[in-house]
Structures are given as C-alpha cells and as structure tokens.
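Structure, as structure tokens:
Laboratory data are not the source of any read-out in this text; all were calculated from the coordinates shown. Worth saying up front: this structure is predicted, and the values here are computed from it rather than measured. Methodologically, a virtual Cβ is constructed for each residue, glycine included, from the backbone with ideal geometry; neighbour enumeration extends over all protein chains shown.
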Amino acid sequence: MKKKFLLFDVDHTLLDFAASERKALEKCFHAFGLPFTDELLTWYLAHNQKLWSNYERGIIPREAIFQARFADTFTQFALDADGTLMENAYRKALSHGCDIMENALILIEKLSKTHQLYIVTNGLASTQEKRLKDSGLAPFFHKTFVSETLGFQKPMVEYFDYCFEHIPDFEKKEALIIGDSLSSDIQGGIRAGIDTCWFNPLEKINDTPFQPNYEVKNLLELLPLLEIEE
C-alpha cells in the first residue's frame, strides 16, 4: 500500500509501557514502604485499564483516572497511604521509563526516510514527550499529538480532526494509523476515515466490532506492507 502519513501510537506500540510501568510502580511502592505483590499489581493493572477505557469512552474526565487509581488500590488492599502523593511520585518515576519495543527504533529510523511520521497518544504531555526523547525516537517525528494538550482523546473524532488540521497537505487516503489498542487506535482510525493497522504481538483474539485494515505481530512487518525493502 502507498501511504505518506504514518500516525503511531506510543505505549505498547513503540515504547514498552508494561516494562516501564512495572519498574516505576515497584520503585514507588518500595519508596513508600508498601508491599508490592503480584496480586496487587494484577488488580491495579486491571483497574487502571478500566479507568482509561472509561476515559476513552467519554464516561470520566482524564483527571478522574489519576485521582482514583492509587486511592482505590490502597482501599482494596487496606493500605495506609496517600493516593495523591503516590500518583505524583509515580508520574515522575514513569517519565524516566523509556523501554523500547523490539525493532521500534530500527523501523522508525527507516520509515523517517520515506514517510512523514507523527505521534498520536493519550496521556500526559510531559511524560510522553520526555520518554520519546530519552528513547531516541523523538527526532524522527514531525509532531507529537498528546490528548492532554488537545483537550480531546483517541478515539474521539475531534482528536483526529485536530491532528489532520495540523498536518500540512494532509490527505486521509494517504494516512495510516498504527497502534495496539482496538478501542482507541483502531476504532479512532475507523471513525476518522483513515486506514488502520493493529499491532498485535501477543496474537490476541479480536472480539470487538473494530476490524483493522491490516494486522502485524512484529513491527518490521510494516515494511513490506508499505512496499519498503527490508
């Protein structure tokens, strides 16, 4: 397929958020003198994912995630700690996490020579921008679109409308969004009227109504799809 504009998600697509997240959580819980168990981690991850999903669906505002995720975890496990203080410490620790997905830097460096690359991500601007810079990915992208800055989030059409308006000479038919989230990236791309590519390294089953145009389990599989020699 011939494309000119490539829109990349960040977490779980280019950056290994799971690795950075666990390191940051473990560091903060130990700093607060709190137990950090597999049971607690599993509960937190599921609860945090539910909060982010509700945000993407427009059910709760973004700040509600940060107010609730640690406070609710402490309540669930009867821990005496301040959720706000933990949230602040976690954000700082996470901003230093720049674990990168396999082949991400190789791919992006190669694609930057043939395509216009853009970042489309939900989350905190300061955290995402620092992680992209520290990972070495930032210089290859023309612009980073972060939901916190825009006031809209994926999969909202308004989010994508803003992005499209700020990409010079943008044409929907020449665009492709690449991301791991069916509900955020793929649904968002479908709503916005552009082609979508689901990055699915764990080969999960798609039981949603959101069907991507393409699917890859390794980032380098994008090269032949984009008609680029490896």
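Which links in K154/K217; K3/K204; K4/K154; K143/K204; K4/K27; K50/K113 stretch past 32 Å when you go from one Cα to the other?
Values: K154/K217 22 Å; K3/K204 26 Å; K4/K154 21 Å; K143/K204 30 Å; K4/K27 41 Å; K50/K113 38 Å.
From K154/K217; K3/K204; K4/K154; K143/K204; K4/K27; K50/K113, over 32 Å: K4/K27; K50/K113.
For segment 172-230, with equal point scatterers placed on the C-alpha atoms only and solvent neglected, what are the log10 I(q)/I(0) values from the Debye formula at q = 0.22, 0.28 1/Å, to two decimals?
-0.83, -1.19
Tell me which GluC sites (Glu not before Pro) from segment 147-214 have a DSSP coil assignment and no more than 15 other beta carbons within 10 Å of their own.
The qualifying sites are E171, E203.
Among D16, D80, which comes first, then next, by fewest other beta-carbon atoms within 10 Å?
So the ranking, lowest neighbour count to highest, is D80, D16.
So for segment 17-94, what percent of the C-alpha to C-alpha distances run longer than 14 Å?
Pairs farther apart than 14 Å: 61 percent.
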